[in-house]
Amino acid sequence: NGYTIETKKKSYVYLSLDNSKAVKLDQNTKVKIVKKGSKNEISLVNGELFFNVSQKLKSTEKMTVKTSNISMGIRGTSGVMGVRVELNDEGEIVGNTHYVQMYDGSGEISYKESGVYGTQNVTLPAGKQIVTGVSTAVSTTALDIMSMPSFAISELLADDSLYERFKNDTGIDKSALE
């Protein structure tokens with residue numbers, strides 16, 4: 001059920017789920033999308049996606065973005081979720097890093113931590129990022145402008161209302177992004 005969408009090198013895709021929910025896939029990204037009524041689930045297989053939910057969802061609506069390691073319920077926020085695959089010299093996958101950067105609002109994050117049974121839960125506020133992976137200890141840190149993907153920064157700079165939400169919640173000035 002659902003759709004699989006994959007971008008290649010030097011390409012991206014915009015997905016409008018409705019008037020207030022949009023997703024942008026960066027290059028070399030693969031997602032699986034399932035929509036059942038007012039429930040949207042986006043599974044990020046690899047790559048990076050920018051999400052922008054400009055209005056808080058109704059109590060009957062649900063939007064979940066997840067990787068194999070992190071799941072996040074989105075109610076009215078923007079940010080980036082990514083999966084970076086680590087390859088050895090032979091091109092074989094040896095690990096991966098999963099992360100979420102929160103640009104405005106907050107998100108309820110569930111994640112799996114290596115060596116810990118079950119899932120852990122945390123509220124990730126705007127201006128923070130969480131990183132986890134098979135060979136990476138979980139860390140929650142202040143949003144690092146240098147680690148923000150350029151395709152997401154271009155969205156912030158192109159949309160005045162989105163940028164205002166970002167600036168109000170993070171205090172980061174437009175000049176730092178340009």
*For the chain, which whole-number percentage of the solvent-accessible area (1.4 Å probe, protein heavy atoms only) is attributable to carbon and sulfur atoms?*
48
_FRET efficiency, THR4 to ASP89 (Cβ-Cβ, R0 41 Å, nearest 0.05)_ = 0.90
*What is the extension gain from GLN55 to ALA176, computed as 0.36 nm multiplied by their sequence separation minus the C-alpha to C-alpha distance, in nm to one decimal?*
41.0 nm
*So for LEU25, LEU157, LEU17, what's the accessible-area order with a 1.4 Å probe, most first?*
LEU157, LEU17, LEU25
_Between the stretch 70-85 and the stretch 86-110, the Cα center-to-center distance that results, in Å_ = 10
*Can you give the accessible area per residue of the stretch 108-178, in Å², using a 1.4 Å probe?*
56
*Between TYR117 and THR64, what is the spin-label point distance in nm, taking each point 7 Å from the Cα along the Cα→C-beta axis?*
2.3
*To the nearest 0.05, what FRET efficiency results for GLN27 and ASN168 with a Förster distance of 35 Å applied to their C-beta separation?*
0.70
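The values are calculated or read from the model by the stated rules, or taken from the named source; none is laboratory data. Just so you know, these numbers come straight off a predicted model, no measurement behind them. All Cβ positions, glycine included, derive from the backbone under ideal geometry; neighbour counts span all protein chains shown. What goes into the accessible areas is simple: the full protein's heavy atoms, side chains included, and nothing from ligands, DNA or RNA. Shrake-Rupley method; radii C 1.70, N 1.55, O 1.52, S 1.80 Å.
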